[in-house]
Every structure is written in C-alpha cells, then in structure tokens.
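Chemist: Just passing along the structure, written as structure tokens.
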Amino acid sequence: MTEFVVILSQGRSGSTLLLRMLNGVPGVRIAGENEKALDHLKEFIKCYEIATTRHDTEFYRLAWSLPCPLEMIRRKTTSFLADLYNPDGTARLVGFKEIRYGLGSYADMCNDILFLRELMPGLKIILNTRRTEDAIKSAWWANNPRQSRRRLERSRASFERYHSDHPDDTFLIPYEELREGSRRIEAMFDFLGLEFTPAAKGELSRNLR
C-alpha cells in the first residue's frame, strides 16, 4: 500500500535538502513543488459536490447528473494521485514538497491540509521552518523585506501551531537542525519509519560542504 508524506516549507528553509535526503532511501519517491496543483483537484471535486445540491427535483437530478457516485469520484481522484506520484508502483512512500502553504490565515492552511488528508489517506506531514531573521536575507524573500517578514512570521506560527494541534502525524524540522549529528533528523526518519541510510547522510554532508 502506498503511503504519503508532504514537506510543507517556508521557502529557503531546506526543503530541497530534505527531498534529496528522503529520496536517498530505497522505496521513497518525493517530487518537487507543484504551485499547489492539488488546489485544482479540490475545485474539480467541489464542482461535482455543487452539482449534487441541484438534485431537488427529478428534472434537475437528470440535468445535473454525475458520471458516477460522488464517493466514487473521490476514490478515483485519490487513486489518480497515487498513480501520479507512484507511476511504476514500486515506491512505498511518495509525496512532494511545497512552499506555498501557510502564507494565508491559519484556518485557510487547515482547510488546505484537510483536503490533502482526504486525498492521501494516512498522510504524514513534515513542517520545515527557519528563523525569520535568517530566511529574510535569502534572494527569494529579500525583494520586499516588510511583506516577507509578515508572511514568514505568519507561516512559521501556523506551522508550529499545526504541529502542536496534530503531534501524532506531523513532524517539525527547523532549518537550524539540518546539520550532521542532529538527533532531530534521525527522529524525522524514525517518524516516517525509514532508515537514515548512508545515501541520505551523504546528501546532508554534500549540502554542508
């Protein structure tokens, strides 16, 4: 059975390194960013949900008839996503990393993650943060420091709050822990049920050189 993980990051906080490290484990296939592509699947399902609200008469049940039951549409969308991220069926753990979650309100982020959980049963989430004063110096955030500071502090607070609210299926990994000898990294691999392989350690060492 395919298991899912997503890395939600603040941006310039080490998410690409986390991706490379996890992909250093046999049976793991973590893809890169997707501009929140799954939002389109959310709208896709929502359109069919709206169609069912028109079914108040026999005429409208026919006029707004679904191609198959709504629950089957959801199951087939979940199956599509599993096939997309595990195309040859050989991976045990699959997912992606994304930096576009948590930039709005906490409620918006919770709703986004709720949909991810609906599409990816048993989803585990890695929440990747960085100290604002360090992150804001990077090229991705430096163009508009005032706006960037607000967005960084908002997302960091949202990530930490979400982890506090969902400690069993989330793991918080700050950028500052991405170093050799970090027990936090080892704990992250344990959380995912993975071996911290020599290949994964090699990616960490290569990044630090």
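The values are calculated or read from the model by the stated rules, or taken from the named source; none is laboratory data. Everything quoted here is computed from the prediction, not taken from an experiment. Every residue, glycine among them, receives a Cβ derived from its backbone with ideal geometry; neighbour counts consider all protein chains shown.
Chemist: Going by the conditions given, is VAL6 assigned to a loop (DSSP other than H, G, I, E, B) and within 15 Å of GLY193 (Cα to Cα)? Write out each step before concluding.
Modeler: Details: assigned to a loop (DSSP other than H, G, I, E, B): no; within 15 Å of GLY193 (Cα to Cα): yes.
It is false that VAL6 is assigned to a loop (DSSP other than H, G, I, E, B) and within 15 Å of GLY193 (Cα to Cα).
Chemist: Please go through the range 153-192 and pick out each residue that is in contact with a Leu (Cβ under 8 Å, 6 or more places away or on another chain) and over 24 Å from LEU103 (Cβ atoms).
Modeler: ARG179, GLU180, ILE185, LEU192
Chemist: Is it true that ARG151 is surrounded by 18 or more Cβ atoms within 10 Å (Cβ to Cβ), at pLDDT 95 or above and charged (D, E, K, R)?
Modeler: On the way: surrounded by 18 or more Cβ atoms within 10 Å (Cβ to Cβ): yes; at pLDDT 95 or above: no; charged (D, E, K, R): yes.
Against the criterion (surrounded by 18 or more Cβ atoms within 10 Å (Cβ to Cβ), at pLDDT 95 or above and charged (D, E, K, R)), ARG151 does not qualify.
Chemist: Can I ask one more? Could you tell me which residue of the range 33-52 is nearest to VAL6 (Cα to Cα), considering only residues that are surrounded by 15 or more Cβ atoms within 10 Å (Cβ to Cβ) and touching a Lys or Arg at 6+ places or on another chain (Cβ under 7 Å)?
Modeler: Going residue by residue through the range 33-52, those that are surrounded by 15 or more Cβ atoms within 10 Å (Cβ to Cβ) are 33, 38, 41-42, 45, 48, 51.
The next check asks that each one be touching a Lys or Arg at 6+ places or on another chain (Cβ under 7 Å); those that pass are 33, 45.
Values: GLU33: 10, ILE45: 21 Å.
Here the answer is GLU33.
Chemist: Give the range 161-199 a look and list any residue that's surrounded by 12 or more Cβ atoms within 10 Å (Cβ to Cβ) and among the small types (Gly, Ala, Ser), or say none.
Modeler: SER182, ALA187, ALA199, listed by residue number.
Chemist: (1) of a type in the set (Phe, Trp, Tyr); (2) over 26 Å from ILE173 (Cβ atoms); (3) part of a strand (DSSP E or B): which one isn't true of TYR48, the others all being true?
Modeler: Answer for TYR48: the failing condition is (3).
Chemist: Specify which of the listed residues (ARG130, ARG184, ARG179, ARG149) is in contact with a Pro (Cβ under 7 Å, 6 or more places away or on another chain) and not β-branched (Val, Ile, Thr). I'd like the intermediate steps shown before the answer.
Modeler: Values: ARG184 fails: in contact with a Pro (Cβ under 7 Å, 6 or more places away or on another chain); ARG179 fails: in contact with a Pro (Cβ under 7 Å, 6 or more places away or on another chain); ARG149 fails: in contact with a Pro (Cβ under 7 Å, 6 or more places away or on another chain).
Going through ARG130, ARG184, ARG179, ARG149 in turn, the sole match is ARG130.
Chemist: Now for a separate question. Take the conditions at pLDDT 95 or above and more than 24 Å from the chain's Cα centre (by Cα) and apply them to ALA51. Does it pass? Break it down stepwise before answering.
Modeler: Numbers: at pLDDT 95 or above: yes; more than 24 Å from the chain's Cα centre (by Cα): yes.
Considered against the rule, which asks whether it is at pLDDT 95 or above and more than 24 Å from the chain's Cα centre (by Cα), ALA51 comes out as yes.
Chemist: What pairs come up if the first residue lies in the range 165-183 and is over 12 Å from ILE125 (Cβ atoms), the second is among the charged types (D, E, K, R), and their beta carbons are under 7 Å apart, counting only those six or more places apart or on different chains?
Modeler: Every condition considered, the pairs that remain are PRO174/ARG130; TYR175/ARG130; GLU176/ARG131; GLU177/ARG184.
Chemist: Next question, about the same structure. When you go through (1) surrounded by 13 or more Cβ atoms within 10 Å (Cβ to Cβ); (2) in contact (Cβ under 8 Å) with a residue 12 or more places away in the chain one by one for HIS55, which number turns out not to apply?
Modeler: The one condition HIS55 does not meet is (2).
Chemist: When you scan the range 67-113, how many residues do you find that are touching a helix residue (DSSP H, G or I) at 6+ places or on another chain (Cβ under 6 Å) and more than 30 Å from ASP165 (Cβ to Cβ)?
Modeler: So the count comes out to 0.
Chemist: How many residues are aliphatic (A, V, I, L, M) and either under 12 Å from VAL5 (Cα atoms) or buried (at least 19 other Cβ atoms within 10 Å of the Cβ) (or both) when one looks only at the range 92-118?
Modeler: Start the filter on the range 92-118 by keeping residues that are aliphatic (A, V, I, L, M), which leaves 93-94, 99, 103, 107, 109, 113-114, 116.
Filter once more, keeping what is either under 12 Å from VAL5 (Cα atoms) or buried (at least 19 other Cβ atoms within 10 Å of the Cβ) (or both): 93-94, 99, 109, 113, 116.
Residues in the range 92-118 being aliphatic (A, V, I, L, M) and either under 12 Å from VAL5 (Cα atoms) or buried (at least 19 other Cβ atoms within 10 Å of the Cβ) (or both): 6 in total.
Chemist: State which residue pairs qualify: first residue touching a residue at least 24 places away in the same chain (Cβ under 8 Å) and inside the range 73-87, second residue surrounded by 12 or more Cβ atoms within 10 Å (Cβ to Cβ) and of a type in the set (S, T, N, Q) in any location, beta carbons under 9 Å apart, and separation of 6 or more residues or different chains.
Modeler: Once the first residue is touching a residue at least 24 places away in the same chain (Cβ under 8 Å) and sits in the range 73-87, its partners that are surrounded by 12 or more Cβ atoms within 10 Å (Cβ to Cβ) and of a type in the set (S, T, N, Q) give ALA82/THR2; TYR85/THR2; ASN86/THR2.
Chemist: If ASP56 satisfies every condition in (1) modelled with pLDDT under 95; (2) in a helix (DSSP H, G or I) but one, which is the exception?
Modeler: Evaluating ASP56 over (1) modelled with pLDDT under 95; (2) in a helix (DSSP H, G or I) leaves (2) as the failure.
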